[in-house]
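Colleague: Here it is, the structure in full.
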Amino acid sequence: MSPAKLDRYQAKRDPARTPEPMGRGPRGRPGGAPSFVIQEHHARALHWDFRLERDGVLVSWAVPKGVPFDPKQNHLAVAVEDHPLEYGSFSGEIPKGEYGGGSVSIWDRGTYETEKWSEREVMVVLHGARVNGRYVLFKTGGKNWMLHRMDPAPEGWEPLPELVRPMLCRAGALPVRARGWTCEFKWDGVRAIIYVEGGRVRIKSRNDLDITAAYPELHALGRALGSRSAILDGEIVAFDGTGRPNFGLLQQRMHVRGEAAARRLAQRTPVSYLVFDLLYLDGHRTTGLAYTKRRSLLESLELADDRWVTPATYAGRPQAVLDAALAAGLEGVVCKRTNSAYAPGARNGDWVKVRGFRTQEVVIGGYTPGKGSRSGAIGALIMGVPSGRGLRYVGKVGTGFSDAHLKELAARLSKLVRKTSPFEEEPPRSQVAGATWVRPSLVGEVRFSDWTREGRLRQPAWRGLRPDKSPTDVVVE
Ligand code: MN
């Protein structure tokens, strides 16, 4: 014999197909304060089920954003069918396809006192492990109610901030000593701050624009965090087929209008969110904490999925981290002071970005005369790389030399002087005015930022001779 109040509950469920209790057992319970339970329900849409024991059943509401801690925020609560008392201890999987299919876990439970209970208004004082205080549910129409906290927010609790600006990096050199620093790979993408609350995300760009709609594949991060509220700092990156961040690929994702277009592009060119900092967690700002403390809180969230991850940070030798980053084809590293607070919007030197340089071996084909203080000496080396039957001009390098370098180069090159250019095609005359040509046999190495469209090295700087290499060893990286 089941109580008439549970007819709706039972009609929706087949005991052969769901592990949920059916409420056909005897009614009644020991005396004492009535119980409440809040269950986190990862169904088609994440929600929290708020249930109050009353007259032998659990009177229930589904609360899409969960129970508010902030008295200024009322949360929608949708009345649903009464549940059996045994449901208060239910957690588990409701099979897919069944009513409410998905996982149910107990988020909080306890007892409550009733201050008022009418058709339109229910006022209670909850005594739970997570939630304590006076709440009121009031009917706004049909099944819809509002859930409002009447007490002040819990001691020390702060609402999720509307906006926290990203902390910025100063461009610089690697820290001289590893102590007190940790380094992370620098990801070539777009900075994004993600606000997560009640299972929902809001994504903001570095210039505070709401870019949530542009990245639908990141919205599930809200569900992944469940009832946690958090502000994350990280980089949105598009990886290419070789697993490298590709800013070009990301470009097409950055200026998307319309949700349908965004979803289409998300299928074709999905992005990843690489999370490296935590600015707020469960009612508390964390920006004032030291980096290491924020980092361990972030790691405790265990963010790992196809579409988001917390990449490693390395407290070892910064140079080794940079070398590894460059070897992996990344831009460089960001080094952070381990004891530094998060300074929103500031560029205070506690975060330093160090861009890597690429290197290229080159064959010296000549040199131009120095000017000013280098008058009478070498001004710049004229560089080439082997190409077909000759040498292809790739530019000049005039920086990065020590006096010792220049002396040695002058001595070596003086033995190689010849009358004609060793280049297959003549370099532009304006770039090689007054050149002394040499036999193309000396190999050196430069660091540079990129190749130009004309096939020249951009921003080359001399690193040194490569006596272990001959011109035939030189390949274009
Ligand atoms: Mn539910």
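Colleague: Restricting attention to strands (runs of 3 or more DSSP E) lying wholly within segment 360-477, give those where 1 or more residues are closer than 26 Å to Ala327 by Cα and either in contact (Cβ under 8 Å) with a residue 24 or more places away in the chain or open to solvent by less than 50 Å² (accessible area, probe 1.4 Å) (or both). Lay out the reasoning, then the answer.
Modeller: Working: elements: 378-387, 390-397, 436-438, 443-448, 461-465.
Filter on segment 360-477 gives 378-387, 390-397, 443-448, 461-465.
Colleague: Right, next: Can you tell me which of Tyr135, Tyr99 is open to solvent by less than 20 Å² (accessible area, probe 1.4 Å) and of a type in the set (Phe, Trp, Tyr)?
Modeller: Tyr135 is the lone residue from the list that is open to solvent by less than 20 Å² (accessible area, probe 1.4 Å) and of a type in the set (Phe, Trp, Tyr).
Colleague: Confirm whether Gly180 is surrounded by fewer than 16 Cβ atoms within 10 Å (Cβ to Cβ) and within 33 Å of the chain's Cα centre (by Cα).
Modeller: In short, yes.
Colleague: Restricting attention to segment 53-69, does a residue exist that is in contact with a His (Cβ under 9 Å, 6 or more places away or on another chain), of a type in the set (Gly, Ala, Ser) and free of Cβ contacts under 8 Å to residues at least 24 places away in the same chain?
Modeller: Checking segment 53-69: at least one residue is in contact with a His (Cβ under 9 Å, 6 or more places away or on another chain), of a type in the set (Gly, Ala, Ser) and free of Cβ contacts under 8 Å to residues at least 24 places away in the same chain.
Colleague: Go through segment 206-262 and give me each residue that's more than 27 Å from Glu299 (Cα to Cα) and surrounded by 14 or more Cβ atoms within 10 Å (Cβ to Cβ).
Modeller: Residues satisfying the conditions are Leu249, Arg253, Met254, Val256, Ala262.
Colleague: Okay, next question. Tell me whether segment 193-200 contains one or more residues that are surrounded by 19 or more Cβ atoms within 10 Å (Cβ to Cβ), in contact (Cβ under 8 Å) with a residue 12 or more places away in the chain and part of a loop (DSSP other than H, G, I, E, B).
Modeller: Yes, because at least one residue in segment 193-200 is surrounded by 19 or more Cβ atoms within 10 Å (Cβ to Cβ), in contact (Cβ under 8 Å) with a residue 12 or more places away in the chain and part of a loop (DSSP other than H, G, I, E, B).
Colleague: Here is a follow-up. Across segment 302-333, what is the total count of residues that are in contact with a strand residue (DSSP E or B) (Cβ under 7 Å, 6 or more places away or on another chain), aliphatic (A, V, I, L, M) and in contact (Cβ under 8 Å) with a residue 60 or more places away in the chain?
Modeller: 7
Colleague: Still on this model: Please report, ordered by residue number, the strands (runs of 3 or more DSSP E) entirely within segment 43-119 with at least 2 residues that are more than 35 Å from the chain's Cα centre (by Cα) and more than 10 Å from the ligand (Cβ to nearest atom).
Modeller: 46-54, 57-63, 75-84, 102-117
Colleague: Also: When segment 313-342 is examined, which residues are found to be within 27 Å of Asn246 (Cβ to Cβ), small (Gly, Ala, Ser) and open to solvent by less than 50 Å² (accessible area, probe 1.4 Å)?
Modeller: Ala320, Ala324, Ala325, Ala328, Gly329, Gly332
Colleague: Of the residues Leu126, Leu168, Leu174, only one is at negative phi, over 27 Å from the mean Cα position of the chain (by Cα) and either surrounded by 12 or more Cβ atoms within 10 Å (Cβ to Cβ) or within 16 Å of the ligand (Cβ to nearest atom) (or both); which? If you could, list the steps in order and put the result at the bottom.
Modeller: Values: Leu168 fails: over 27 Å from the mean Cα position of the chain (by Cα); Leu174 fails: over 27 Å from the mean Cα position of the chain (by Cα).
Going through Leu126, Leu168, Leu174 in turn, the sole match is Leu126.
Colleague: Please state which of the following conditions Gln39 fails to meet, knowing it meets all the rest: (1) at pLDDT 95 or above; (2) among the polar types (S, T, N, Q); (3) out of contact with any Gly (no Cβ under 9 Å at 6 or more places or on another chain).
Modeller: If we test Gln39 against (1) at pLDDT 95 or above; (2) among the polar types (S, T, N, Q); (3) out of contact with any Gly (no Cβ under 9 Å at 6 or more places or on another chain), just (3) comes out false.
The values are calculated or read from the model by the stated rules, or taken from the named source; none is laboratory data. None of the values given here were measured: they were computed from a predicted structure. Every residue, glycine as well, gets a Cβ built from its backbone with ideal geometry; the counts of neighbours run over all protein chains shown. Side chains are part of the model used for accessible areas, which takes the heavy atoms of the whole protein and leaves out ligands, DNA and RNA. Shrake-Rupley method; radii C 1.70, N 1.55, O 1.52, S 1.80 Å.
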